[in-house]
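As structure tokens, the structure follows; a few thoughts come after it.
The values are calculated or read from the model by the stated rules, or taken from the named source; none is laboratory data. Since this is a predicted model, take the numbers as computed values, not measurements. Cβ: placed from backbone, ideal geometry, glycine included. Neighbour counts: every protein chain shown.
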Amino acid sequence: AGKGAFAYCSQQYRVLFGAGTSGRLGEEAERLGIKRALVLTTSEQHDLGRRLGTGLSDRLAGLFTGARMHTPVEVTNEALRVVESRDIDGLVAIGGGSTVGLGKALSLRTGLPHIAMPTTYAGSEMTPILGETSNGIKTTQHSQDLVPDTVIYDVDLTLSLPPHISAASGLNAIAHAVEAFYAPNANPLTSLMAEDGIVALARALPRIMVAPADPGARRDALYGAWLCGICLGAVGMSLHHKLCHVLGGMFNLPHAETHAIVLPHAAAYNAAAAPEAMTRVARALHSANAPQGLFDLARQLGLPCALADIGMPEDGIVRAAEMAVRKPYANPRPIDHAPIEQLIAAAWRGDAPA
Ligand code: NAD
């Protein structure tokens, strides 16, 4: 196929977006025929789960507050016992990527309907992807059955997301969009969504830093996160996501911050091999240069710039580089050991992208 050729397949989603949309939880549960719902949260979001669970009135059958990062299989098994013992017939995940991951893991095992109510910008609710950890090893699987039956984006639920977590989570979302532009199966629609997603997030995040409860900025950020999440679910990701997966898994680094730090460097690595993608990223950021624009945005938001500052040991650079080049995957520029090690070293030190 020549330049400009593409294949396009759409996925089915049901999405409710707005302020106060969590008030429609009961109605959505009824629509899916749920009579005995289990609400899922992290321990930190226990109160939110309890409060929103009341919207289910007599359709609420339990609350499980054990969701954790990287979807550990032990947690899923514990939740499965609750599903069985309480005769649960539907799942409501309220939280970030960790909680939505638990909802996906449970719905995959049980076939139960799943309503997701995201409270961060990670985007998992829009993807047919599940990463699970067992004995410290993270494995990823793909299935259309993993896509939640209904996604309720309530802008009000994001008002409490602390500014620095909002910033890191927003950069995590932007990373999906950056890699969507140069994905091997990119198409014109995902590129439109990627560009508008970056525009919305880049405009909203600096406003959130000064006014965390600004409803307009929060709406823009969640809207951008939705678009970036669709990109993540629709096309294949490359070097940046691979590196974050390796680094996060090896050193147990925080997910969103790792993305924020690595992204300018991964973009710089691919810049010469993906010029059209870089033009669109730069345009969305109102910057002359995409990698530098991403780095400047992260710095403006006060995010850490160095992997050293979020707990990665220096001797991990060599080990991570070895792991990152082990298996081949699609990327605009070939994955070679020496420049990948340089990339990781630069991100470890917190250099500007070269
Ligand atoms: P998270 O879900 O781990 O949340 C981080 C912390 O913030 C938690 O303590 C949570 O309770 C709290 N929190 C969330 N929303 C809040 C709010 N509005 N107010 C106050 N506190 C809030 O973080 P995340 O970055 O959203 O998700 C990361 C996880 O999701 C990782 O395990 C990652 O691998 C996974 N993920 C998966 C996909 C996918 O497509 N499968 C996509 C993105 C992320």
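Numbers below:
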{"quantity": "Selection count where residues are more than 6 Å from the ligand (Cβ to nearest atom), touching a residue at least 60 places away in the same chain (Cβ under 8 Å) and not aliphatic (A, V, I, L, M), scope segment 118-135", "calculated": "7"}
{"quantity": "From the options ILE115, ILE152, ILE88, residue that is more than 9 Å from the ligand (Cβ to nearest atom), in contact with a Lys or Arg (Cβ under 6 Å, 6 or more places away or on another chain), of a type in the set (A, V, I, L, M) and outside the structural domain of PRO254 (by TED's automatic domain parsing)", "calculated": "ILE88"}
{"quantity": "Hey, ALA217 more than 11 Å from the ligand (Cβ to nearest atom), of a type outside the set (Asp, Glu), outside any helix (DSSP H, G or I) and not assigned by TED's automatic domain parsing to the domain that holds THR127 or not", "calculated": "no"}
{"quantity": "Residue in segment 17-29 that is of a type in the set (S, T, N, Q), over 16 Å from TYR153 (Cα atoms) and either surrounded by 14 or more Cβ atoms within 10 Å (Cβ to Cβ) or not assigned by TED's automatic domain parsing to the domain that holds VAL83 (or both) present", "calculated": "no"}
{"quantity": "Options LEU253, LEU239: the member that is in the same structural domain as ALA308 (by TED's automatic domain parsing), buried (at least 24 other Cβ atoms within 10 Å of the Cβ) and not polar (S, T, N, Q)", "calculated": "LEU239"}
{"quantity": "Candidates ASN135, ASN77 - the one that is modelled with pLDDT under 95 and not assigned by TED's automatic domain parsing to the domain that holds CYS228", "calculated": "ASN135"}
